[in-house]
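This report refers to the structure that appears directly beneath it.
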Amino acid sequence: MNNDKEICDFGLHQGEPYTALPATFLNWMIETNHNKSHFAKNELERRIIAVENTFRDSKNL
């Protein structure tokens with residue numbers, strides 16, 4: 001799923017893409033089992049992969 005095109009449609013972050021939301025908000029969505037928590041899970045997973053890839057790439061320099 002591509003979260004770049006998914007826009008939060010509720011609350012304080014309404015109108016913002018999930019890629020721009022704070023991790024605390026995404027975690028809140030997951031913890032409260034929000035009906036759109038799958039977007040939060042996908043975005044947090046994307047961020048983890050990005051960090052892992054950056055770390056792996058920096059070790060190969």
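Of all lysines in the structure, those lying under 28 Å Cα to Cα from Lys5, and not within fewer than 8 positions of it along the same chain, are Lys36, Lys41. Around the Cα centre of the chain, unit charges on the Cβ atoms of Lys, Arg, Asp and Glu (plus for the first two, minus for the last two) sum to a dipole of about 180 debye.
Could you give the length gained on full extension between Ala20 and Ile49, defined as 0.36 nm per residue of separation minus the Cα-Cα distance, in nm? Before the final figure, lay out the partial values.
Working: separation 29, 0.36 × 29 = 10.44 nm, distance 1.62 nm.
Result for the pair: 8.8 nm of gain on full extension.
Which value at 222 nm does the chain reach when only helices count, each DSSP H run of 4 or more adding -39,500 (n - 2.57), with the total divided by all residues and rounded to the nearest 500 deg cm²/dmol? Intermediate results must be reported in sequence, preceding the final value.
Values: 2 runs with 32 residues, N = 61.
It comes out at -17500 deg cm²/dmol, rounded to the nearest 500.
Expressed in units of 2.2 N^0.38 Å, where N is the residue count, the Cα radius of gyration of the chain is 1.25.
When the label point is put 7 Å from the Cα of His13 along its Cα-to-beta-carbon vector, which residues of the stretch 31-61 have a backbone N closer than 13 Å? Zone members listed by number: 31-32, 34, 36-47.
Normalised by the number of residues in the chain, the mean separation of alpha-carbon contacts (under 8 Å, six or more apart) gives a relative contact order of 25 percent.
Could you please rank Leu12, Leu21, placing first whichever residue has the fewest other Cβ atoms within 10 Å of its Cβ? Working shown, then result.
Working: Leu12 9, Leu21 20.
If I rank by nearby Cβ atoms, fewest first, I get Leu12, Leu21.
Read-outs: derived from the displayed coordinates by stated rules, not from any lab. Note that this is a predicted model, so its numbers are computed, not measured. Positions of Cβ are generated from backbone atoms using ideal geometry, with glycine treated the same way; all protein chains shown enter the neighbour counts.
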